[in-house]
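Working notes for the structure below.
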Amino acid sequence: MTAADSVAPLDLLRTMRLIREAELRLAQLFADGEVPGFIHLSVGQEGVAAGVCAALGPADTLASNHRGHGHALAKGLDLERFFLEIMGKAEGMCKGRGGSMHVADAAVGMLGANGIVGAGLPIAVGSALAHQVKKSGAVAAVFFGDGALAEGVMHESFNLASIWRLPVLFVCENNGWSEFSPTARQLAATPTALAESHKIIARSIDGNDVIAVHDAARALVSEIRSAGGPRFLECRTTRVRGHFEGDPQKYRDAVDAARSEDDPIGRLERRLAADGVPAADIKSAERDAIARVDAAVARARAGAAPTFDAALRDVYANTEARP
Amino acid sequence: MTAADSVAPLDLLRTMRLIREAELRLAQLFADGEVPGFIHLSVGQEGVAAGVCAALGPADTLASNHRGHGHALAKGLDLERFFLEIMGKAEGMCKGRGGSMHVADAAVGMLGANGIVGAGLPIAVGSALAHQVKKSGAVAAVFFGDGALAEGVMHESFNLASIWRLPVLFVCENNGWSEFSPTARQLAATPTALAESHKIIARSIDGNDVIAVHDAARALVSEIRSAGGPRFLECRTTRVRGHFEGDPQKYRDAVDAARSEDDPIGRLERRLAADGVPAADIKSAERDAIARVDAAVARARAGAAPTFDAALRDVYANTEARP
Amino acid sequence: MSEVRFGQAINRALADAMAADESVVLFGEDVAAPGGPFGVTRGLLDRFGAERVRDTPISEAAIVGAAVGAAMSGLKPVVEIMFMDFVTLSMDALVNQAAKARFMFGGQYALPMVVRLPHGGGINAGPQHSQCLEAWLAHVPGLKVVCPATVADAYALTRAAIADPDPVIVVENKSLYAVKGELPESMPNVTIGKADIARPGRDATIVTYGAMRDVSLAAASALAKDGIEAEVVDLRSLQPWDETAVLASLARTHRLVIAHEAVEAFGIGAEIAARMADIGFDELDGPIVRVGAPFMPVPFAKELEARYRPDATRIADAVRRTLA
Amino acid sequence: MSEVRFGQAINRALADAMAADESVVLFGEDVAAPGGPFGVTRGLLDRFGAERVRDTPISEAAIVGAAVGAAMSGLKPVVEIMFMDFVTLSMDALVNQAAKARFMFGGQYALPMVVRLPHGGGINAGPQHSQCLEAWLAHVPGLKVVCPATVADAYALTRAAIADPDPVIVVENKSLYAVKGELPESMPNVTIGKADIARPGRDATIVTYGAMRDVSLAAASALAKDGIEAEVVDLRSLQPWDETAVLASLARTHRLVIAHEAVEAFGIGAEIAARMADIGFDELDGPIVRVGAPFMPVPFAKELEARYRPDATRIADAVRRTLA
Ligand SMILES: Cc1ncc(C[n+]2csc(CCOP(=O)(O)OP(=O)(O)O)c2C)c(N)n1
Ligand SMILES: Cc1ncc(C[n+]2csc(CCOP(=O)(O)OP(=O)(O)O)c2C)c(N)n1
Ligand SMILES: [Mg+2]
Ligand SMILES: [Mg+2]
């Protein structure tokens, strides 16, 4: 796949469904005490992950944030090792040391989810620097939320990417919330105004329209590859669930979260149906996703706990474990 | 003095002359080994300090940066204690513990020069928060360079000031240089675009025209007091000397630094002469400044060295000195 | 006397300080309308209003930087950094500004500000949400660092921190927030820098703080069954720390163990040990043994984190080792 | 063998590493066209070109953050933070990202990156341009920290740091840049983590590093006049540090002094002392004495700074005290 090719809408649906089913299962596993720590779900935001990642090639790199399940799966992270990781097992992508907030996969250029708001931005900038220096033609992308725009390192990263004309795609998932506070009360600027102040070409789109996301991302990635320099894409989207699982969302109007007409999956399904795609094909995306998730969860449940000594040995590359 | 009153041009000249003579003397003292450490002079930039500080009242606070001599003197810092400090004496403003980069005077609301690029911005924001909470009607101002615009904390400070509508005047002294590198190669944005992206009303003016600076600062300060919220003022100016004293400036075109028609002092003097101000009055500003500097330096030279035990006692307010 | 949770005790201390002094203001991420990520600031916005209790953007550098400016201009700001791991983003304001302003400006400015830093593991929050970095802050002249371990101290040390004219870091162990304990109706004033003998004993001294106080007490109970009477000294304040109390205890027991949740290497325990190996050398009848986290990031998986955090067995074993 | 300055030795190490490996790139404030604030990177832009040697904006967080991303994507970045005091602005990238990436991602990623941090006083640069904060970094699992004291080590440790697959901090004492010394034509490979016996002796061990190596040697010379033979151990690497070498020296001398320029309390010396008070307890015949800066910010005035920095007299007195 080269990034310029458009991915078929049915494939985008399959990706979104996989993310959705994986996360809904995680919600259940979390409620049942099978997932330690805390998890942030991207239910309602799958269109962004699916649309953007389908515009990236295997050599392109991706940095993510705390709400990174969808980004990771869309970039191609193995589903079984995804569940193994989040359930804290030895065969997890990160050997059970990171969990939900740190899923990563070097094999598919996934540089990691990240527990520090904003931290993915300079990492993507550095990755883009590597692509530029090595003249690999690859692009680095980074997902971050609207809340992350308040962090100073966002500014430094935009500036550095702009002056060095680095091949980086900044993707802001604007869901209107920073944890329990509406971002409107936290940010004076609009996302695109910030990017544009740094002379970064910026677009803002409906992030719940996966086709629109995909088209915009493809166009921007191809501009980055041909013309050079960073691009910025704001995807307006909806955080359907709480900030993390277990968040009672008392601060939030029930209506806001539940506008089902915004659901990127439902929207694409309706569109496919209207375009004459057979109902069975549409339905199979869901069925297949559930089957894959079932299998992955079964495998993950059977996974062994990590061992402490193995963990100690991975603090450094080549030194002995220390007591 | 209320900030709304305009300060007489001759007084602006006197302030600029005082800064100029004080700094030229510091250059000499530094070359002679009488000033320890390193010093950053604002020769050529005096119009900014004089024009802005004349628009502030005694209750207004001011945060500054590494190139802060002019800001401090314009805000009213005692000249003798200024020299005592920079020469490292016990009776210095800061008892010889800070030196050139840390001149401060609580009595005149001068919150300190600062050795950390960008650090003055959130300090001014916090000071403005205090003014707002205490409904004192005071304004906090902060001087910083064009290079400081690259720091993340600038962004965070602009945003916080904007959403909380804090009474703060951001003054960017744009001299085109960050140490030994032209800022044009370091910053994608223009200063005003950055401020405006945060919905901060911004102006850019000729910083070497002290009357223009003063008028703009007065207008902005009065807007802050009446309408609330931050304002941003870019003053385009000229760093005549090296980044610090002793900098051979090999990186820099000799012509660039020496355009004497830019000199804010010369410009004001010519204007005053054209306006019919007697030559003797104009000349007296220089003469008086030199006399004051002579006296201050003599006093500072005679100052005693600080004692170590006194320093140890000031690490905390109320604890015993520790060994 | 009432039974409250550790987090509620901090809440009460904040409320009482704000009621007593108008210049106390509160800001941080989600501390106002949402009542704080751990509920510690619940109700304060309603009670004290939007001028004094504010939600901030996700801007850790500006939060602490603004606290510095506010403290220099007449307020007593109490700010929260949601997890101590994120103080990595505030270090300039804390270390180069807050810590140095009094000294560097010749004593002209007081910096009465408080930074609350929830630290520690135990909730499988992983490598970037569990760290104990207090040793960094204790190394910085100009900062004070306290770490309450009991409900009463949570109240008292928070009040003391706010009343203090210098910048004080209040380190709060997240795993303690829900712990219940007695809060006396009227609290004695606590002086920052005084340790508490949590349990007297004659055979060995365990110096500890924060969440490891209870774990050390459990270790002491276990040791008592074998006839070993360990004295548990809860430091309460890490900078300054109560050298006199530790030395006095050592002079009674002649054996020293230091336990904390932070990484052992270059942690708080290193300083205690080093100081006692100097001024307390003649009192020592056995090696100084430290118990802390191993030299690795805090791991996520339940089994890993459980093994990572010091427990009563490891502390008891350490006591046995120094007695051997 | 040639005589070069300490700063030039680092320059040569950078140049040799860049010539040997195309993936080594350099960036930082004023490191390219201006050749570095202390001239350490002079000539490298001309030799290796603008792709690999870059001036950055004043953005310490992004500099180290970008180094992390670059290291994860196939480069070996060497970045400079102009004064160690400014690393306060880079701590998230260093501590939460660089240090943890290998571990936290299950060993999938290597982080071959180097951060150069000039530290220390002696030039009256004042409280915000003189700090020695290496103890913070040594406390962070996943980081390595080296600190050369000689011209040869400046070269060798810089090369070793660049060759290392993990993030390495190179701490460079500013007051050493101009010091001259011998640089062997071909340098032996230096392993990070090995100390150097700078002077053998049988009566007491002085453990030190960086600029205090020469000061400790001066103290040893002074002591020798009184018949006291002090062994000077230059750690060279602070994380990991050479416990074996220090313990072996202690086993020969039975007296231990630790000297560094950083603030004594919670400094590097605390860990050395603590560890020796445990595993070396039976070897100790006297108190462990530390010599470091007092608990105050680095003061500006000449007289204050001179008194602030440890000198040979204080180190010699410490040796006498532990022998008393
Ligand atoms: C540096 C830092 N500060 C604060 C937090 C706590 N936190 C986690 S997510 C979050 C809100 C992020 O909002 P946004 O970037 O919009 O992402 P969203 O959760 O909406 O997807 C906050 C404040 C953090 N993880 N890191
Ligand atoms: C955080 C930080 N980074 C780097 C430096 C070193 N430094 C001192 S001044 C300066 C350039 C500042 O440029 P600008 O803000 O434009 O001010 P100017 O010197 O031009 O007045 C730099 C990089 C510093 N003091 N603090
Ligand atoms: Mg959001
Ligand atoms: Mg400038």
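The values are calculated or read from the model by the stated rules, or taken from the named source; none is laboratory data. As the structure is a computational prediction, the values presented were derived from the model and not from experiment. Here Cβ is always computed from backbone atoms with ideal geometry, including for glycine, and neighbour counts include all displayed protein chains.
Okay, residues lined up against (1) surrounded by fewer than 23 Cβ atoms within 10 Å (Cβ to Cβ); (2) aromatic (Phe, Trp, Tyr); (3) modelled with pLDDT under 95:
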{"position": "A:ARG165", "(1), (2), (3)": "yes, no, no"}
{"position": "A:VAL168", "(1), (2), (3)": "no, no, no"}
{"position": "A:VAL171", "(1), (2), (3)": "no, no, no"}
{"position": "A:TRP177", "(1), (2), (3)": "no, yes, no"}
{"position": "A:GLU196", "(1), (2), (3)": "yes, no, no"}
{"position": "A:ARG203", "(1), (2), (3)": "yes, no, no"}
{"position": "A:ASP209", "(1), (2), (3)": "yes, no, no"}
{"position": "A:LEU220", "(1), (2), (3)": "no, no, no"}
{"position": "A:THR237", "(1), (2), (3)": "no, no, no"}
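Taking the conditions (1) out of contact with any Lys or Arg (no Cβ under 7 Å at 6 or more places or on another chain); (2) within 13 Å of chain B (Cβ to nearest Cβ); (3) surrounded by fewer than 24 Cβ atoms within 10 Å (Cβ to Cβ) in turn, C:ALA125 satisfies each one other than (2). Here D:GLU51 meets the list (1) at the interface with another protein chain (Cβ under 7 Å from one of its Cβ atoms); (2) within 23 Å of the chain's Cα centre (by Cα); (3) over 30 Å from A:ALA113 (Cβ atoms) almost entirely, failing just condition (2). Of all residues in segment D:238-269 being small (Gly, Ala, Ser), more than 12 Å from every other protein chain (Cβ to nearest Cβ) and in contact with a strand residue (DSSP E or B) (Cβ under 8 Å, 6 or more places away or on another chain), which is surrounded by the fewest Cβ atoms within 10 Å (Cβ to Cβ)? Among them, the one singled out is D:ALA245.
In summary, strands (runs of 3 or more DSSP E) completely within segment D:197-248 and bearing 1 or more residues that are among the acidic types (Asp, Glu) and more than 22 Å from D:VAL179 (Cα to Cα) occur at D:230-234. Number of residues in segment D:57-76 that are over 21 Å from C:VAL87 (Cβ atoms) and either among the aromatic types (Phe, Trp, Tyr) or more than 7 Å from every other protein chain (Cβ to nearest Cβ) (or both): the value is 2.
Taken over segment A:182-212, residues that are within 16 Å of ligand 1 (Cβ to nearest atom) and away from chain B (no Cβ under 11 Å) amount to 4.
Of all the numbered requirements in (1) of a type outside the set (A, V, I, L, M, F, W, C); (2) more than 16 Å from ligand 2 (Cβ to nearest atom); (3) under 27 Å from B:ASP146 (Cβ atoms), D:THR56 misses one, and that requirement is (2).
For segment B:105-119, the criterion of being at pLDDT 95 or above, closer than 30 Å to A:ASN159 by Cβ and part of a helix (DSSP H, G or I) is met by no residue. Only residues that are within 14 Å of chain B (Cβ to nearest Cβ), over 20 Å from D:ARG5 (Cα atoms) and not small (Gly, Ala, Ser) were counted across segment D:25-44, and they come to 3. Screening A:GLY246, A:GLY229 for residues that are more than 16 Å from ligand 4 (Cβ to nearest atom), at positive phi and either part of a strand (DSSP E or B) or modelled with pLDDT of 95 or more (or both) leaves exactly one candidate, A:GLY229.
The combined condition, being within 14 Å of chain D (Cβ to nearest Cβ) and in a strand (DSSP E or B), is fulfilled by A:PHE170. If you take the residues of segment A:130-181 that are within 17 Å of A:GLY68 (Cβ to Cβ) and among the aromatic types (Phe, Trp, Tyr), which of them is nearest to ligand 4 (Cβ to nearest atom)? The selected residue is A:PHE170. Within segment B:127-163, being part of a helix (DSSP H, G or I), among the β-branched types (Val, Ile, Thr) and surrounded by 24 or more Cβ atoms within 10 Å (Cβ to Cβ) holds for one residue alone: B:VAL153. Evaluating A:LYS134 against the criteria (1) at pLDDT 95 or above; (2) within 16 Å of ligand 1 (Cβ to nearest atom) leaves one unmet condition, (2).
Which of the numbered conditions does A:VAL103 fail, given that it passes all the others? Conditions: (1) more than 15 Å from ligand 3 (Cβ to nearest atom); (2) surrounded by fewer than 24 Cβ atoms within 10 Å (Cβ to Cβ); (3) of a type outside the set (Asp, Glu). Among (1) more than 15 Å from ligand 3 (Cβ to nearest atom); (2) surrounded by fewer than 24 Cβ atoms within 10 Å (Cβ to Cβ); (3) of a type outside the set (Asp, Glu), A:VAL103 violates only (2).
In segment A:51-68, the residues that are away from chain D (no Cβ under 12 Å) form Cβ pairs under 9 Å with partners that are surrounded by fewer than 24 Cβ atoms within 10 Å (Cβ to Cβ) and of a type in the set (Ser, Thr, Tyr), at six or more places apart or across chains, as follows: A:ALA54/A:SER6; A:ALA55/A:SER6; A:ALA55/A:SER222; A:GLY57/A:THR2. Based on what the data block shows, is B:VAL293 assigned to a loop (DSSP other than H, G, I, E, B) and under 29 Å from B:ASP60 (Cβ atoms)? No; evaluated as a whole, the condition is false for this residue. Among the residues examined, D:PHE295 qualifies as touching a residue at least 12 places away in the same chain (Cβ under 8 Å) and touching a Pro at 6+ places or on another chain (Cβ under 8 Å). Can you name every residue in segment D:74-96 that is in contact with a Gly (Cβ under 7 Å, 6 or more places away or on another chain) and more than 21 Å from D:GLY35 (Cβ to Cβ)? Answer for segment D:74-96, where residues must be in contact with a Gly (Cβ under 7 Å, 6 or more places away or on another chain) and more than 21 Å from D:GLY35 (Cβ to Cβ): just D:ALA93.
Cβ-Cβ contacts under 9 Å between residues 6 or more apart (or on different chains), taken from a first residue in segment D:138-166 that is on the phi > 0 side of the Ramachandran plot and within 14 Å of chain C (Cβ to nearest Cβ) to a second residue that is in a helix (DSSP H, G or I) and aromatic (Phe, Trp, Tyr), are listed as D:GLY142/D:PHE103.
Scan segment B:138-190 for residues that are of a type in the set (Gly, Ala, Ser) and away from ligand 2 (no atom under 12 Å from the Cβ) and jot them down.
B:ALA138, B:ALA140, B:ALA141, B:SER157, B:ALA161, B:SER162, B:ALA188, B:ALA189
Condition (residue is modelled with pLDDT of 95 or more and more than 24 Å from D:PHE86 (Cα to Cα)) applied to segment D:140-148: is it met by at least one residue? No: segment D:140-148 contains no residue that is modelled with pLDDT of 95 or more and more than 24 Å from D:PHE86 (Cα to Cα). Can you list the helices (runs of 4 or more DSSP H) lying wholly within segment C:48-154 that have 3 or more residues being closer than 30 Å to C:ASN189 by Cβ and in contact with a strand residue (DSSP E or B) (Cβ under 9 Å, 6 or more places away or on another chain)? Result: C:60-72, C:134-138. Residues that are polar (S, T, N, Q) and within 14 Å of chain B (Cβ to nearest Cβ) within segment A:113-164 comprise A:SER157, A:ASN159, A:SER162, listed in sequence order.
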